[in-house]
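Bear in mind that the values in this text are calculations on the coordinates, not laboratory data. Computed from a prediction, not measured in an experiment: that's the story for all the values here. Methodologically, a virtual Cβ is constructed for each residue, glycine included, from the backbone with ideal geometry; neighbour enumeration extends over all protein chains shown.
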Amino acid sequence: MADLGSVVAMANLRYVVAGYAVTVVALGGYVGSLFARARRARRRAAAIAAKTRAASTP
Amino acid sequence: MARMTARRGERVLGVLTLAALAASAIMSLVVAPPDAEQGDVQRLMYVHVPSAWLAYLAFTVVFVSSIAYLRTKKIRWDRLAAASAEIGVLFTAMAIALGSLWGKPVWGTWWTWDPRLTTTAILLLIYVGYLAVRKLPDSPARRARWAAVVGIVGFADVPIVHLSVTWWRSLHQGPTIRLLGAPTIAPVMLAALLTAVFAFTLAYAYLLTLRLRVGRLEERVVAEALSPRLGQPVEQLMDQSPEPGARAAAGEAARG
């Protein structure tokens, strides 16, 4: 049977794993969201510019 | 002109950041020993402390940029403040979440109304409010001015958060690294902590570069839509100060 010390150590390790997972998800998620925003803005800017060009062409 | 794709410098910074974060993970999870009293759970310090440090740094950048914007009315300061505030909110939320994960096994609770925790929660609310002010449907000039005022006034909470552990009786531990006096942790733990602070600072620099580029791209969408209606080139619209006075002065300078 596992002693109390190792049970507590294993339980504590779960908090460490959760903490590092939170860090990776938060930083990675934010970087991902910035790339998505950049992609969306690029597409919209290109679409508006194309529309403006088409409207100004006789 | 707003860059459509990442510059080489941004990519290099991204790779350096990833390498530094990997080195930090090895230092804090493998090289640094477990704490004599807390055991392995103390390893959360290597992500919690740098997150809090980066929140301070990000809000200091907001404070300085806001003062610079109010003095010069240059749009680039407003952009920098907006970008840094968003990243600061991310790091503050991370510091609170990681502190909570550390607090549960050590203090026996996820949250307590301790001075450090409470002032940090207020800090998060202040800068979430700052981001909300930036979304107000108002004139760009007034919005930028209000945001700058909130960025300056809100910064008053940063020293309060930092000094709360010495001003009041707190459950939260005191500073690990002091400007004056020896650090309170073992040298190998200090090395792991400094590596983590360095890696997170690089991450902040990379996120700021990326967020500034995204901000420019989003402004370009608005400028592309307004350009034909106002009869002004897109680049000129993007670099214009939102302040009517500064715009008139720029127009005068261009004519004169």
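Summary table
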{"item": "Rounded if a/c under 1.5, otherwise prolate or oblate - region B:82-212, Cα gyration tensor axes", "result": "prolate"}
{"item": "Rounded tilt (10° steps) of B:244-255 against the dominant C-alpha axis of chain B", "result": "50 degrees"}
{"item": "Nearest-ten-degree value, helix A:4-56 long axis tilted from longest Cα axis of chain A", "result": "0 degrees"}
{"item": "Spatially proximal aspartates and glutamates relative to A:Lys51 (Cα-Cα < 16 Å; intrachain offsets below 8 disregarded)", "result": "B:Glu224"}
{"item": "In order through region B:225-231: 3J(HN,Hα) via Karplus (6.51 cos²θ - 1.76 cosθ + 1.60), integer Hz, x for Gly, Pro", "result": "6, 7, 3, x, 6, 8, x"}
{"item": "Chain B: most fluctuating residue of B:Leu21, B:Leu171, B:Leu57 per GNM, C-alpha cutoff 10 Å", "result": "B:Leu171"}
{"item": "Sequence of B:Leu70, B:Leu207 once ranked by neighbouring C-beta atoms within 10 Å, starting from the fewest", "result": "B:Leu70, B:Leu207"}
{"item": "For residues of A:22-30, the mean tally of beta carbons on other chains within 10 Å", "result": "6"}
{"item": "Residue exposure sequence - B:Ser139, A:Ser56 - by fewest surrounding Cβ within 10 Å", "result": "A:Ser56, B:Ser139"}
{"item": "Candidate lysines for bridging to B:Lys74, where Cα separation is under 21 Å - those fewer than 8 sequence places away on the same chain excluded", "result": "B:Lys135"}
{"item": "Dipole moment magnitude, nearest 20 debye, chain B about Cα centre, only Lys, Arg, Asp, Glu C-beta charged", "result": "740 debye"}
{"item": "For B:Val150, net neighbour charge (Lys/Arg +1, Asp/Glu -1) across residues whose Cβ lies under 12 Å away", "result": "+2"}
{"item": "Mean ellipticity per residue at 222 nm, deg cm²/dmol - from DSSP H runs of n ≥ 4 across chain B, formula -39500 (n - 2.57)", "result": "-25500 deg cm²/dmol"}
{"item": "Positive dipole terminus of region B:16-217, leading residue within B:Pro34, B:His48, B:Thr119 (C-beta point charges)", "result": "B:Thr119"}
{"item": "Quotient of Cα Rg and 2.2 N^0.38 Å for chain A, N being how many residues it contains", "result": "2.43"}
{"item": "Whichever aspartates and glutamates have a C-alpha closer than 19 Å to that of B:Lys73, once near sequence neighbours (fewer than 8 apart) are set aside", "result": "B:Asp138, B:Glu219, B:Glu235, B:Asp239, B:Glu243, B:Glu252"}
{"item": "Kirkwood Rh in Å, taken over chain B so that all alpha-carbon pairs contribute", "result": "20.3 Å"}
{"item": "In degrees, nearest ten, helix B:75-107 long axis to first principal axis of chain B (Cα)", "result": "20 degrees"}
{"item": "Packing-based exposure ordering (other Cβ within 10 Å, fewest first) of B:Trp168, B:Trp113", "result": "B:Trp113, B:Trp168"}
{"item": "Normalised contact order of chain B, rounded percent, pairs of Cα under 8 Å and 6 or more residues apart", "result": "31 percent"}
